[in-house]
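Heads up, the thing below is written out as structure tokens.
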């Protein structure tokens, strides 16, 4: 009898405190300390660092990166994202090695996520129609759903708040690329507030008591 009551209480309590993941977005289109121009044929590259402090405490279930760059030559670009202990390669000479000089689009307005378009990386965009530079979702060049280094999955064990840094370098001469904006989409399951836990515990206890009376009270 006591075991059944305990299991029943646990089931109701779990139901009461269950929280769904919510997607929180950021977008930065100005205030870049290094301006908007990515140095041409320069390994020093361009970087932008943002301190995120408004996200709820909780479990980071997924991260996607929005990037919009204009002009230049996409096949020259190498980009990565850093946060806490996480590191992800986003772009690595787009379109190569399939194209000798990489993909030549002068405008990229894309979202990079581990569940990207057709399961293919943006590195192989020439395989998926070439000229499509509208805002679509692709896998980053080092894609993966685990927490291995170099993939967006490496951020899943970290806090959504803190410092996020985007780095982009132009690795060949010819064409100057400018950064229009970039941002993050973070899928977060928030940690319930103390009041929520208390309310859930009371609700679970009352529910267990009531159901116990309905099921077992009649046999008393």
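The values are calculated or read from the model by the stated rules, or taken from the named source; none is laboratory data. Since the structure is predicted, the reported quantities are computational estimates derived from the model, not experimental observations. Heads up, the Cβs are rebuilt from the backbone with ideal geometry, glycines too, and the neighbour counts pull from every protein chain shown.
I'm trying to understand the selection: among the residues of region 69-80, which are modelled with pLDDT of 90 or more and either surrounded by fewer than 19 Cβ atoms within 10 Å (Cβ to Cβ) or touching a helix residue (DSSP H, G or I) at 6+ places or on another chain (Cβ under 8 Å) (or both)?
Across region 69-80, the qualifying residues are 70, 78.
Write out, first by first residue and then by second, each pair whose Cβ atoms fall under 6 Å of each other, whose residues are 6+ apart or on separate chains, and whose first residue, in region 181-200, is under 30 Å from residue 81 (Cα atoms) while the second is assigned to a helix (DSSP H, G or I) and at pLDDT below 95.
Partner pairs satisfying both residue conditions: 192/17.
Please give the number of the condition residue 164 fails out of (1) crowded, with 18+ Cβ neighbours inside 10 Å; (2) farther than 12 Å from residue 87 by Cβ; (3) modelled with pLDDT of 55 or more.
(2)
Since residue 216 meets every condition but one in (1) at pLDDT 55 or above; (2) more than 30 Å from residue 67 (Cβ to Cβ); (3) touching a helix residue (DSSP H, G or I) at 6+ places or on another chain (Cβ under 6 Å), which condition does it not meet?
Here residue 216 meets the rest and fails (3).
Please state which one of 175, 150, 106, 144 is more than 28 Å from residue 54 (Cα to Cα) and modelled with pLDDT under 85.
Unique residue meeting the criteria: 106.
Within the bounds of region 100-114, is there any residue that is part of a strand (DSSP E or B), crowded, with 18+ Cβ neighbours inside 10 Å, over 16 Å from the mean Cα position of the chain (by Cα) and in contact (Cβ under 8 Å) with a residue 12 or more places away in the chain?
The answer is yes; a qualifying residue exists.
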